[in-house]
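Heads up: the structure comes next, in structure tokens.
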Amino acid sequence: MKTSTSRVAAWLVALCGLALLAGCATGPRITTEADPRADFSAYRTWSFYTPLAIEKEGYETQTSEVTKAAVRAEMERRGYRYSETDPDLWVNINAYMERRTDVSSYPTVDYAYYYSYRYRGYFAMPYWNERTSVYRYTEGTMNVDLVDARQKRLVWEGIAVGRVANLKPEQREQRIYSTIAEIFANYPHQAGARSQAL
């Protein structure tokens, strides 16, 4: 009885692990990089960089407006104060999409049938071949750069890369907020504090 209970527990742990991995696979891949020379405790104020990379055409869109609101919420959550006149940090945001193609091949077995006159019957002969599937999708990349405004030097960068789904406007807004939150989850600093994790 004890052995069957431990087997059931092992299966449950394995299934929970698979569910967690499956959940992670759907989100964006996040990478970050910080300048080791930067003194993050010196930064207290911020402003958006001008011109903002996400608004390269010179005007604000609904997507850029939502993205800026999401960044503002994350910066304020970390204690940074918005100051357009004399910021310690500039925040620049860039986003772009690219068409991608996945090509995968996998072996399959098919059967050829032939008639044997000696045994007066049909026989199946297996043979191997490869099937190729082609899947086209759109990959989106979002960058958030924190730039030391006085030194004009990039001090931190967060990048999210993932597949772009065809979403309704309210779903798109929620996805932008969650992606920005995931990027900033890897930013361990608070305004004016020495390397304190959230």
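Most tightly packed first, judged by the mean number of other beta-carbon atoms within 10 Å of their residues, the peptides 147-156, 84-93 read 84-93, 147-156.
Note on segment 44-198: Cα convex hull, mean projected area over all directions, 15.1 nm². Under 17 Å of direct C-alpha separation, and excluding same-chain neighbours fewer than eight residues apart, LYS152 reaches these aspartates and glutamates: GLU33, ASP35, ASP39, GLU84, ASP86, ASP88.
Is segment 45-108 rounded, prolate or oblate when judged by the Cα gyration tensor, a ≥ b ≥ c being the square roots of its eigenvalues, rounded requiring a/c under 1.5 and prolate requiring a/b larger than b/c? Note, shape of segment 45-108 comes out prolate. Sorting the Cα pairs of segment 132-193 by distance into bins of 5 Å, from 0 upward, gives 4, 13, 19, 19, 15, 12, 9, 5, 2, 1, 1, 0 percent per bin. 3J(HN,Hα) along segment 56-67: 5, 7, x, 9, 7, 10, 4, 5, 5, 5, 5, 5 Hz, from the Karplus curve 6.51 cos²θ - 1.76 cosθ + 1.60 with θ = phi - 60°, whole Hz, x for Gly and Pro. The label point for THR63 and the one for THR31, both projected 7 Å from the Cα toward the Cβ, are 2.2 nm apart.
Values quoted throughout were computed directly from the atomic coordinates according to the rules given, and no laboratory measurement underlies them. Quick caveat: nothing in here was measured; it's all calculated off a predicted structure. For neighbour counting, all protein chains shown are included, and Cβ atoms are generated from backbone atoms with ideal geometry for every residue, glycine included.
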